[in-house]
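Input: a single structure, listed below in structure tokens.
The values are calculated or read from the model by the stated rules, or taken from the named source; none is laboratory data. Computed from a prediction, not measured in an experiment: that's the story for all the values here. Neighbour counts run over all protein chains shown; Cβ positions are idealised from the backbone, glycine included.
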């Protein structure tokens, strides 16, 4: 008898979980419009990054530096880092101008001064889309 109650309780929890999960994923990605405009303007996109070892290493080192900085927002942690022949392009939204400059400095320390194009945009906390 107690097994039946346990299975019923587990089943009910699973049903509640399965009903609530799709709602969390129903919202479209936040920067979809930005991604489309970048493609339309011919700006570098992540899929255009070369697969050369030096470019991969540059992107990896910048990404590690950015993601390990706990002072950055989730937007800052998720910026696009694109390297083509040693030239780095940064794209995506960040929460402040300081965050924008911080990420650019991290990229410049890896790629070198004059090798970073900063296309990061500031998206304040109170702006939803």
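Among the residues of the range 4-22, are any modelled with pLDDT under 65 and in a loop (DSSP other than H, G, I, E, B)? Show your work before the answer.
First pass over the range 4-22, keeping only residues modelled with pLDDT under 65: 4-22.
Of the ones still in play, those that are also in a loop (DSSP other than H, G, I, E, B) are none.
No, every residue in the range 4-22 fails to be modelled with pLDDT under 65 and in a loop (DSSP other than H, G, I, E, B).
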Point to revise | Qualifying positions in the range 44-70 - within 27 Å of residue 126 (Cβ to Cβ) and either in contact with a helix residue (DSSP H, G or I) (Cβ under 8 Å, 6 or more places away or on another chain) or at pLDDT below 65 (or both) | key: 66, 67, 69
Exercise for review: Return the total of residues in the range 73-111 being in contact with a strand residue (DSSP E or B) (Cβ under 9 Å, 6 or more places away or on another chain) and on the phi > 0 side of the Ramachandran plot.
Suggested key: 1
